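The values are calculated or read from the model by the stated rules, or taken from the named source; none is laboratory data. Note that the structure is a prediction, hence the values are computed from the model and not measured. Ideal geometry is used to build each Cβ from the backbone, glycine not excepted, and the neighbour counts take in all protein chains shown. Heads up: the accessible areas ignore ligands, DNA and RNA and are worked out on the full protein's heavy atoms, side chains in. Shrake-Rupley method; radii C 1.70, N 1.55, O 1.52, S 1.80 Å.
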Amino acid sequence: MTSDRITLLAQAVRDVHDFPKQGILFKDITPILADGLLFKHAIDTFADACGGKEIDKIVGIDARGFLFGAAVAYKLGLGFVPVRKKGKLPYKTESASYTLEYGEACVEMHVDAISPGERIVLIDDLLATGGTAAAAIKLIQKMGGDLLEAQFLIELEFLAGRKNLEPVPVRAFLKY
Ligand code: AMP
């Protein structure tokens with residue numbers, strides 16, 4: 001069942017060449033979102049991977065990490081915390097800068113989003129160089145969160161992003 005799910009999800013990811021700039025092969029997950037059964041498979045895959053862990057909150061990364069992370073949090077009855085791109089959150093924030101596969105950026109989290117000792121799972125759609133997730137991890141750790149695992153629907157293994165997240169355990173379901 002699980003491997004059938006993964007096969008169906010992998011078949012639905014659309015490769016878009018040269019987006020958002022020349023030389024980038026963009027993994028488009030919108031066909032998964034647009035199909036009710038595939039979206040459910042994706043959320044169930046993340047949620048099953050959370051099984052057996054005592055978790056307080058899911059942290060999702062702007063923007064596609066919100067789509068998966070919020071649905072997983074809802075399914076598991078957990079709180080959801082957004083890590084947003086700079087300038088989007090209204091209250092006091094902590095920030096962390098990073099280098100993206102295609103650019104430079106800064107992410108932010110509300111200062112009161114995580115209480116010390118809360119048990120966290122981080123979710124995003126895709127792990128590329130790991131810069132974005134590493135910045136999110138910095139924010140979680142700054143707040144005193146206990147990060148149990150980082151989960152991604154897709155991992156671009158050739159970019160070795162998980163090395164940047166060490167020693168945080170990393171789980172990805174579709175690997176390229
Ligand atoms: P990185 O910081 O390099 O690991 O980049 C990860 C973030 O950028 C994730 O939030 C992804 O949504 C997005 N991203 C980076 N590279 C790609 C790609 N090739 N296809 C789709 N999304 C990507």
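Structure summary
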| read-out | value |
| --- | --- |
| Solvent-accessible area per residue, Å², over the stretch 58-138 with all protein chains present [probe radius 1.4 Å] | 43 Å² |
| Full-extension gain in nm, Glu166 to Ala34, via 0.36 nm per residue minus C-alpha separation | 44.2 nm |
| Potential extension, Phe158-Glu54 segment - 0.36 nm per residue separation minus Cα distance | 34.3 nm |
| Percent carbon-and-sulfur accessible area, the stretch 68-124, ignoring ligands, DNA and RNA, probe 1.4 Å | 50 percent |
| Those chymotrypsin sites (Phe, Trp or Tyr not before Pro) in the stretch 126-173 that DSSP places in a loop and that have at most 12 other beta carbons within 10 Å | none |
| Trypsin sites (Lys or Arg not before Pro) restricted to the stretch 1-85 and DSSP loop, no more than 10 other C-beta within 10 Å | Lys21 |
| Net lengthening on full extension, Lys21/Ser95 (0.36 nm per residue, minus Cα-Cα) | 24.0 nm |
| Gap separating the Cα centres of the stretch 108-176 and the stretch 9-57, nearest whole Å | 16 Å |
| For Ile61, solvent-accessible area (1.4 Å; no DNA, RNA or ligand), Å² | 0 Å² |
